[in-house]
Structure formats: structure tokens, C-alpha cells
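Since the structure comes first, as C-alpha cells, the remarks are kept for the end.
The values are calculated or read from the model by the stated rules, or taken from the named source; none is laboratory data. Everything numeric here is computed off the predicted structure, so don't read it as measured data. Positions of Cβ are backbone-derived with ideal geometry, glycine not excepted, and every protein chain shown enters the neighbour counts.
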Amino acid sequence: MDFLTTRQRDVLDFIRDRITAEGVAPTLREISAHFGFSSTASAQKHVNLLVSKGFLEKNKHQKQGLRVVGAAPASPSVTLPLVGAVAAGSPIENFGESEETSVPPDMVGKGDHFVLQVRGLSMIDDGIHDGDHIVVKRVPEAKPGDTVVALVDGEATLKRFFPEPGGRVRLQGANPAMSPIVMPASRVVIQGILVGLLRKY
């Protein structure tokens, strides 16, 4: 499955409209000015992502040689915040508010949901790969065996959740090469449970 964030879709639409109106793609500086980016590096990042996802092509022989080659996927009816990255491995930095992204409506039920990008391979045996995007339902508690996004001493990680005797918690990955995280429950804060998976093939 391929998908675009709201901002990526907007950048693609801007490039398409400019090509239609003027016959040439906007420059990185023009894209940056239109969207209020702090530098052309941000525009370059969005263009490169659209190229990698197959919606744009670059003509190396032209300075503004961008060409739209695919239609943006239809917007599903549910838009969720894409709030950063979560480690499927050792804990990494806490996530914060960022962009929005569209997800299939059947992945979202009642309650508050958000999207994170996965980094690492500790959940590989559960079919969760590095670079995948996951849909998470925001809840403060989890049942034994649930796959959770948890804050460990303030850093986010993706693991299966198991309470242990003596007020401890085991955060278990799905990769036999990696050890579980076992620590006092007071150091673990559940942010939500995994309810969906998005992947680019």
C-alpha cells in the first residue's frame, strides 16, 4: 500500500497545478515560499519522497524537469496525526505532533488514534518492518500480549506488553536476536495499542 501525508499531497497538487498552468514545474525556492518552509531543503525532501513513491519523475537534463507520473491515491475518510517515529528495538526519542495522514477507515474505531513510523527490526516476526507506519489507538492501559506503544523513561518503543510479578513489566519484541525490556511498571507509561499497519510495497 502506498499513501501520502497531507503535506505531500499538497506539494504534489501544487507541482501539478503549476505544470498545467505554466508548462514547467516550480523551483524548490517557489515550493518553499508557497508552503512557508524555512529552507529549500524541506521542499527537496518532499520532492524526493514523491519521486520515491512514484508520483514524480525527474529529468536530469532540465533544471525544473519534474513530471507528474501518477495520480495521488484517493483520500480515505479518516485523517490522523502522524506524530513521529517509534523504535521497534531500543527506545528512542519521544514523539511530538507533526503532519496528518489518511488511513483506511476500517482501521479506526471509537476513540483517539494516531500514526507512527516504525524504526528497527525487533517486531519483524510479527510482520512489522522498519519503515512501516502503524495506527495506534490511544489508551492508558493494555492487556497481556497486546502490542503497545510505551514510554520507557520518557522514550517511545513498540513492544508486546506483559505484566510480571513484583510490580515489573516485560516489553517483549518479536525478534529472537533481541532481549526484552524488563523494568518496574512505574517507569513504563502506555500510550496506546497497535490496531493497524500501513506499508509501501
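For region 138-153, a residue qualifies if it is under 19 Å from Gln117 (Cβ atoms) and not charged (D, E, K, R), and the qualifying residues are Thr147, Val148, Val149, Ala150, Leu151, Val152. Screening region 8-31 for residues that are out of contact with any strand residue (DSSP E or B) (no Cβ under 7 Å at 6 or more places or on another chain) and assigned to a loop (DSSP other than H, G, I, E, B) and picking the one that is surrounded by the most Cβ atoms within 10 Å (Cβ to Cβ) gives Pro26.
Can you find even one residue in region 155-164 that is under 29 Å from Leu28 (Cβ atoms), at pLDDT below 90 and not in a loop (DSSP other than H, G, I, E, B)? Checked region 155-164: no residue is under 29 Å from Leu28 (Cβ atoms), at pLDDT below 90 and not in a loop (DSSP other than H, G, I, E, B).
Take the conditions (1) surrounded by 17 or more Cβ atoms within 10 Å (Cβ to Cβ); (2) at pLDDT 85 or above; Ala85 misses just one of them, which is (2).
For region 150-179, filtered to residues that are exposed (fewer than 15 other Cβ atoms within 10 Å of the Cβ) and in contact with a strand residue (DSSP E or B) (Cβ under 8 Å, 6 or more places away or on another chain), the residue that is farthest from His133 (Cα to Cα) is Gly167.
Every residue, every condition in (1) within 22 Å of Leu151 (Cα to Cα); (2) modelled with pLDDT of 90 or more; (3) out of contact with any Gly (no Cβ under 6 Å at 6 or more places or on another chain), yes or no:
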position	(1), (2), (3)
Gln8	no, no, yes
Ser32	no, yes, yes
Phe37	no, no, yes
Leu49	no, no, yes
Phe55	no, no, no
Gln62	no, no, yes
Leu80	yes, no, yes
Glu93	yes, no, yes
Asp106	no, no, yes
